[in-house]
Amino acid sequence: MQTRVGFIGLGIMGRPMAKNLLRAGFPLVVHNRSRAAVDELVQLGAKAAASPREVAPLVDVIITMLPNSPDVELVALGQDGLREGVRHGQLFIDMSTINPIVSQKIAQEMSSSGVAMVDAPVSGGEKGAIEAALSIMAGGEAEAFERALPIFQALGKTITHMGPLGAGGFTKLANQIIVAINLSAIGEALVFGAKAGVDPEKMIRALSGGLAGSKCLDQKSEKILTGDFAPGFKIDLHFKDLNLIHDAAQSVGAPVPIAAFVEQLFAALRVRGRGGLDHSGVITLFEDLAGTQVRRK
């Protein structure tokens, strides 16, 4: 019998991920705070549940894809949460980006109910979620990872068992350091060139073919050139991740000075009311400072 999956959190990432599980043939039970996303998945064949507790008894594996550490902790351990409905032998996969220390705490609490946990945050943004091409970084016991693997294969292309629980989260935060710094560097460089009168489109083409090329430049150049910063991943969420990085770095004693500086750039964007923009919108801060625009008219 096909593994029954519960999916909690149908946002920008979670909704297309849940759809891909349905396409792969997994029976799906879904829960979300807002009803519209649930209704859409129900029309595609999923069943709806009114609470995390209601999801748990109906499935074999539970996935959460939520904004932050307190959200996952509440869904897993709070009133009407998963712990009130789980049974021995189930698997809990958290695919959110949260503090790995919180993941370890939740795993310890869930283990008392006989539930194994894998922390498996993802990279690839909305595009990767839609195309089932995510990079999945998993932490947990080898047996739990092997149980989760068929589900991961329906969601992503690069699937790596990083080590014990929490290793997935630490790897994702490392990813977020690189992405935030890369997007900031791209914004600074393109504004610098545009201010000097260089054509931004030609500049992107030239930079993409050399050592400065990156997936960030490839995937975000169209947004930068058109000024369409509809979010694939919001500045608000990346700012949240930069805060998590700060806390996690303190917990392990690792200095992250460049990430700390970029955190302040993202903070300045939020002060300007731009937290809802795609994180490539960090370029708008450099445009403000230089008094010029990279975007096409």
A correct Karplus calculation of ³J(HN,Hα) over segment 216-226, with 6.51 cos²θ - 1.76 cosθ + 1.60, θ = phi - 60°, whole Hz and x for Gly and Pro, returns 4, 5, 5, 7, 10, 5, 5, 4, 5, 6, 8
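Taking the Cβ of K47 as the center, what net charge do the other residues with Cβ under 13 Å away carry, scoring Lys and Arg +1 and Asp and Glu -1? Mind showing how you got there, number by number?
Numbers: positive: R4; negative: D39, E54.
So the surrounding residues net to -1.
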For segment 1-106 the trypsin sites (Lys or Arg not before Pro) that pass both the DSSP coil test and the at-most-13 other-Cβ-within-10 Å test are R33, R87
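With the cut-off at 1.5 for a/c, could you classify segment 234-297 from its C-alpha gyration tensor as rounded, prolate or oblate? All intermediate terms of the calculation are to be shown ahead of the outcome.
Numbers: a/c = 3.07, a/b = 2.15, b/c = 1.43.
Prolate is the answer for segment 234-297, as a/c is 1.5 or above and a/b outweighs b/c.
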If each K or R counts +1 and each D or E counts -1, the residues other than L28 whose Cβ falls under 15 Å of its Cβ total +1
The local net charge around D60, scoring Lys/Arg +1 and Asp/Glu -1 for residues other than D60 whose Cβ lies under 13 Å from its Cβ, equals +3
Here segment 129-143 yields Karplus 3J(HN,Hα) values (6.51, -1.76, 1.60; θ = phi - 60°; whole Hz; Gly and Pro given as x) of 5, 5, 8, 6, 10, 5, 8, 10, 10, 10, x, x, 4, 4, 5
Listed by chain and number, the residues whose amide H is under 5 Å from that of G156, excluding neighbours fewer than 5 places away on the same chain and using placed H, are L134
Counting only protein heavy atoms and leaving out ligands, DNA and RNA, the solvent-accessible surface of V122 at a 1.4 Å probe, in Å² to the nearest 10, equals 10
The chain: antiparallel bridges as % of DSSP beta bridges, rounded to 5, reads 15
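In debye to the nearest 20, how big a dipole does the chain give about its Cα centre with +1 on each Lys and Arg Cβ and -1 on each Asp and Glu Cβ? Could you put the intermediate results ahead of the total?
Details: 29 positive and 29 negative charges, 137 e Å.
The calculated dipole for the chain is roughly 660 debye.
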Under 5 Å from the placed amide H of F92, counting only residues 5+ away or on other chains, we find I62, A116, M117, V118
Projected convex hull area of the chain, Cα atoms, direction-averaged, in nm², equals 15.9
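About the Cα centre of segment 178-283, how large is the charge dipole given +1 on each Lys and Arg Cβ and -1 on each Asp and Glu Cβ? Please answer in debye to the nearest 20. Before the final figure, lay out each step's value.
Details: 11 positive and 11 negative charges, 28 e Å.
Approximately 140 debye in magnitude.
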Cross-link reach from K47 to lysines, straight Cα distance under 23 Å and at least 8 residues apart if same chain, gives K19
Largest first and rounded to whole Å, the semi-axes √(5λ) derived from the alpha carbon gyration tensor of segment 74-124 read 19, 12, 10
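D for segment 38-84, whole µm²/s, Stokes-Einstein with Kirkwood Rh over alpha-carbon pairs at 4 °C and 1.567 mPa s: what number? Don't jump to the answer; show the numbers that get you there.
Numbers: Rh = 11.4 Å.
My calculation gives 113 µm²/s for D.
The values are calculated or read from the model by the stated rules, or taken from the named source; none is laboratory data. Here the structure is a predicted model, which is why all the values come from computation and not from measurement. Note: ideal-geometry Cβ built from the backbone for every residue, glycine included; neighbour counts use all protein chains shown. We work out accessible area using only protein heavy atoms, side chains counted, and drop any ligands, DNA or RNA first. Shrake-Rupley method; radii C 1.70, N 1.55, O 1.52, S 1.80 Å.
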